[in-house]
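J.: Input: one structure, supplied below.
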């Protein structure tokens, strides 16, 4: 089995910068929402793998708002899509 090359942290960051996550998301959304084009399972898997390399895993990210004057946490409003 071939060994994978070892990249330094700087090289890893450079690779992440070159992955065009916007195009990957658009590709996956087009396929999921319209299904107009037959797409190989391999392409879907590759796109998901690349996204995992360049986007944070939100399942392990904690979002918290500030506190109001009573010490209560303020809600966070997240808006997805075009504004």
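J.: Scanning for something in contact with a helix residue (DSSP H, G or I) (Cβ under 7 Å, 6 or more places away or on another chain), at pLDDT below 85 and surrounded by 11 or more Cβ atoms within 10 Å (Cβ to Cβ), does segment 9-17 turn up at least one residue?
T.: Checked segment 9-17: at least one residue is in contact with a helix residue (DSSP H, G or I) (Cβ under 7 Å, 6 or more places away or on another chain), at pLDDT below 85 and surrounded by 11 or more Cβ atoms within 10 Å (Cβ to Cβ).
For every residue, the table says whether it meets (1) over 16 Å from the mean Cα position of the chain (by Cα); (2) at pLDDT 75 or above.
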{"site": "24", "(1), (2)": "no, yes"}
{"site": "33", "(1), (2)": "yes, yes"}
{"site": "42", "(1), (2)": "yes, yes"}
{"site": "51", "(1), (2)": "no, yes"}
{"site": "59", "(1), (2)": "no, no"}
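The values are calculated or read from the model by the stated rules, or taken from the named source; none is laboratory data. A quick note: this is a predicted structure, and the numbers were derived from the prediction, not measured. Note that each Cβ is placed from the backbone with ideal geometry, even for glycine, and that neighbours are counted across all protein chains shown.
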